[in-house]
Amino acid sequence: MIFHFLANFTEAIILIYAIALFSVYLILSIFSAKELLRFYHSEKITNYDSIISSPFAPLVSIIAPAYNESMTIVENIRALLSLYYPNFEIIIVNDGSKDDTLAKTIEAYDLEKVPYVVDYQIQCNEIVDIYKSKKKAFNNLTIINKINGGKADALNAGINIAKGNYFIAIDVDSIIDPYALQKLVLPFLSATDERVIATGGVIRIANSCKIKDGQLIEINVPDKFLPRCQVIEYNRAFLLGRLAWSRLDGLLLISGALGLFDKEIAIGCGGYYPKTVGEDMEIVVRMRKYMANRKEKYKVVYIPEPLCWTEAPSSLRILGSQRNRWTRGTIDTIFLHKDVFFNPKFGVMGMLSYPYWVFFEWLAPIVEILGILYFVIIAIFGYPNWPFFSIMLFFVYLFAVLFSTYAILFDHLVFHRYTKRKMLLKLLVTSWVEPFIYHPMVAWWALKGNWDFFVNKKKAWGKMTRVGFSGDEASKRVAKP
């Protein structure tokens, strides 16, 4: 009798949670669709050329941490130098690389050490040397050589010497759209009664795309299954998640691959926190709290356009390490800022977006795994509720496929990046099998991330081995200490 009661109670909890999750996703997708259509129409009348030709375009500091990036550092810097924006500086932070990243950069851009007094407004590991080019063509390029401290520490070092009022934090091995700066800076320039403190854009998967001299030449759908699943996953996250939260004024995360920030606010709240592996999310939450505590009107803006292309993990080991780290970073941020939870002082962030991250980003994989374990246990004891299980499985699968299809088609209608029909077909077919193969692995890695955070007390970033955009196995390198 008690067993049946507990079983019925558990199934009711699972059903309620599933309905709540589906409802939230549906509401977010509706907001995203409206915002994406509004953006699509506004783009037709937006004149970005006025920013390029304006003498009042603000100085933007591009900060790119580099650790063991010798295979592509020269080409990546060349790509950054070619960005279409009239007033920017590039700051490459060599974070104690163990390879010849610094030597190759010095040789390629004719660098020399320069005297420099660093104002450590934000704490970071010691800056050993600063290099500038002897050539006038590269006078906006600065190289920092510092003692290794991780990505967050490297970004803090870059902020300490940045001259611009705004800085962009990027991954040095990402491919940035040539027009990204003017699109990212526009919300700052057009703000009226609310101060824009950060902007971010869509991150896309560059696997199987053709890259030459740091520039995207041809866009393709990834040939391998894992990167292709990540294309669908990124579409859902960026176009149907973050866009809605931006509209609702509750965006908590700007991807570490590309984000533009108000330097004054970033310094005011203490810069990046080097003891977390989720520095990209943590600094956004802290900047929002800083503004709320000062009772200043502000907003974090998301631009629903592909502005950055990055290499996605194509092996189970590397992908699992990445998702483990993402989970640990999320948990870390949630606990570091637990005072935000259902706190009306922090507005939409406190009452909606932060609870959403707790219940549907952090806890969802745990609930999912526990649900599977529950069914296995009752099946062993001979009391499986087959009708309940069959209906739940059908609706979960149907919702997952429809949600992915919606994201794929909406992205195609608005941006039309994948021009060939067979590309769309590959994505759609992948979306049908993804819930059975890819998603369970992601849930498992998230569960292991919880275990590593709470039990193993793991704090390390982990190693990220990349194949390189060329696809040449000889170009493998280890990045992100």
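The values are calculated or read from the model by the stated rules, or taken from the named source; none is laboratory data. Only a predicted model underlies this, so the values are computations on that prediction, with no experimental measurement involved. All Cβ positions, even for glycine, are placed from backbone atoms using ideal geometry, and neighbour counts span all protein chains on display.
Step by step: first the residues of the stretch 208-235, then only those that are among the β-branched types (V, I, T) and in a helix (DSSP H, G or I), then the one that is nearest to R317 (Cα to Cα). Which residue is that? Walk me through it before giving the result.
Pass one, the stretch 208-235, residues among the β-branched types (V, I, T): 211, 217, 219, 221, 231-232.
Subsequent filtering for residues that are in a helix (DSSP H, G or I) retains 231-232.
Details: V231: 18, I232: 20 Å.
For the stretch 208-235, the residue satisfying everything is V231.
Can you tell me which residues in the stretch 176-192 are in contact with a Lys or Arg (Cβ under 9 Å, 6 or more places away or on another chain) and either of a type in the set (D, E) or within 15 Å of I90 (Cβ to Cβ) (or both)?
Result: D177, single match.
I need every pair where a residue in the stretch 327-345 that is in contact (Cβ under 8 Å) with a residue 40 or more places away in the chain has its Cβ under 6 Å from the Cβ of a residue that is of a type in the set (D, E), sequence separation at least 6 or different chains.
T333/E282
Select from the stretch 109-129 the residues that are part of a loop (DSSP other than H, G, I, E, B), more than 14 Å from V93 (Cβ to Cβ) and either free of Cβ contacts under 8 Å to residues at least 24 places away in the same chain or not hydroxyl-bearing (S, T, Y) (or both) and list them in ascending order.
Selection gives D110, V114, P115, V117, D119, Q121, Q123.
Of the residues Y25, Y84, Y48, Y40, only one is among the aromatic types (F, W, Y) and either at pLDDT 95 or above or within 30 Å of Y397 (Cβ to Cβ) (or both); which?
Just a single option satisfies the conditions, and that option is Y25.
Hey, does the stretch 191-206 have a residue that's in contact with a Leu (Cβ under 6 Å, 6 or more places away or on another chain), in contact (Cβ under 8 Å) with a residue 60 or more places away in the chain, assigned to a helix (DSSP H, G or I) and crowded, with 19+ Cβ neighbours inside 10 Å?
At the first step, the residues of the stretch 191-206 found to be in contact with a Leu (Cβ under 6 Å, 6 or more places away or on another chain) are 199, 201.
Still in the running and in contact (Cβ under 8 Å) with a residue 60 or more places away in the chain: 199, 201.
Checking which are assigned to a helix (DSSP H, G or I) leaves us with none.
Checked the stretch 191-206: no residue is in contact with a Leu (Cβ under 6 Å, 6 or more places away or on another chain), in contact (Cβ under 8 Å) with a residue 60 or more places away in the chain, assigned to a helix (DSSP H, G or I) and crowded, with 19+ Cβ neighbours inside 10 Å.
Based on what the data block shows, is A379 surrounded by fewer than 16 Cβ atoms within 10 Å (Cβ to Cβ), assigned to a helix (DSSP H, G or I) and modelled with pLDDT under 85?
On the way: surrounded by fewer than 16 Cβ atoms within 10 Å (Cβ to Cβ): yes; assigned to a helix (DSSP H, G or I): yes; modelled with pLDDT under 85: yes.
Yes: the conditions hold for A379.
Of all residues in the stretch 400-459 being assigned to a helix (DSSP H, G or I) and of a type in the set (D, E, K, R), which is surrounded by the most Cβ atoms within 10 Å (Cβ to Cβ)? Walk me through how you get there before you give the answer.
We begin by selecting, within the stretch 400-459, every residue assigned to a helix (DSSP H, G or I); these are 400-415, 421-454.
Now restrict to residues that are of a type in the set (D, E, K, R): 411, 421-422, 426, 434, 448, 452.
On the way: D411: 27, R421: 8, K422: 9, K426: 18, E434: 22, K448: 18, D452: 19.
Once the filter is applied, the top-ranked residue is D411.
So E218 clears everything in (1) surrounded by 19 or more Cβ atoms within 10 Å (Cβ to Cβ); (2) modelled with pLDDT under 95 except one condition, right? Which one?
Every listed condition holds for E218 apart from (1).
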